[in-house]
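The structure appears below as structure tokens.
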Amino acid sequence: PRRTGSRHLLGFFMSGETASNGDDSCWNVLATQLAFNNEAEVERRFVCPLLQALGFALHDIASQVSVMFKRGAKKGRPFQADFVAYAGAEHSLTTSLMVVEVKAFKASLADAKEQAESYAYALRAPVLLITNGCSLEVWQTRQAGESELIFESHVTGLLEQRPVLERLISKQALVKFVEGLKQTTLTGAADFTEYKHTELTRL
């Protein structure tokens, strides 16, 4: 994946609107958001502070990430994931944690799920988050079968749901989850070669 832009991230993380990662002030910013004029505002005023509230730093996140599929081709504008959260400054298929798909305010999330799911599989991210600034859904991808909806909430209820959301998709929780996937694969592998092959093809 290629990091192609971070205008919304830079604008938010460097604006002084919030304190350090995971600080209560990040969540307080989310509580003040009521309506958005367009998709860009959802990204800047809601998604960016949410990612920071969940413990992600600027270097953990890439925006406008190009997605390459093994099969098929698309003419014109390339496929791009709105945001991808990684385990650290290295942005690769082995460090991806979550794909974030952003829609215009109050737009249908159902229309975004299939697209976001395809990005998550291509980028080997175990989780995808979809939001329109009004509602939010979190899906866990599966190696076989459809993704599973593990969280949904209206934006106005996020502060109340904060403990649940942090337990599911904070940076710390996702890193631990991915490490668990690797350990499970390693335990069941006959040797390192088999483990490496299995891990490279996860998700």
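Observations on the structure shown:
- If the condition is being under 17 Å from Tyr121 (Cβ atoms) and either crowded, with 16+ Cβ neighbours inside 10 Å or out of contact with any strand residue (DSSP E or B) (no Cβ under 9 Å at 6 or more places or on another chain) (or both), then segment 147-176 contributes Ser147, Leu174.
- Filter pass, Gly180 being surrounded by fewer than 20 Cβ atoms within 10 Å (Cβ to Cβ), closer than 23 Å to Ala57 by Cβ and out of contact with any Phe, Trp or Tyr (no Cβ under 9 Å at 6 or more places or on another chain): yes
- Residues of segment 14-46 that turn out to be part of a helix (DSSP H, G or I) and either modelled with pLDDT under 85 or under 15 Å from Glu160 (Cα atoms) (or both), as a count: 8
- Hey, Lys113 within 16 Å of the chain's Cα centre (by Cα) and under 16 Å from Val42 (Cβ atoms) or not: no
- Against the numbered list (1) modelled with pLDDT of 95 or more; (2) open to solvent by less than 20 Å² (accessible area, probe 1.4 Å); (3) in a helix (DSSP H, G or I), Ala112 comes up short only at (1).
For every residue, the table says whether it meets (1) in a loop (DSSP other than H, G, I, E, B); (2) more than 26 Å from Phe69 (Cα to Cα); (3) free of Cβ contacts under 8 Å to residues at least 60 places away in the same chain.
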position	(1), (2), (3)
Phe105	yes, yes, no
Ser108	yes, no, yes
Ser118	no, no, yes
Ala122	no, no, yes
Leu129	no, no, yes
Gly133	yes, yes, no
Arg142	yes, no, yes
Glu146	yes, no, yes
Pro163	no, yes, yes
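The values are calculated or read from the model by the stated rules, or taken from the named source; none is laboratory data. Computed from a prediction, not measured in an experiment: that's the story for all the values here. Note that each Cβ is placed from the backbone with ideal geometry, even for glycine, and that neighbours are counted across all protein chains shown. Protein only, heavy atoms only, side chains kept; ligands, DNA and RNA dropped before computing areas. Shrake-Rupley method; radii C 1.70, N 1.55, O 1.52, S 1.80 Å.
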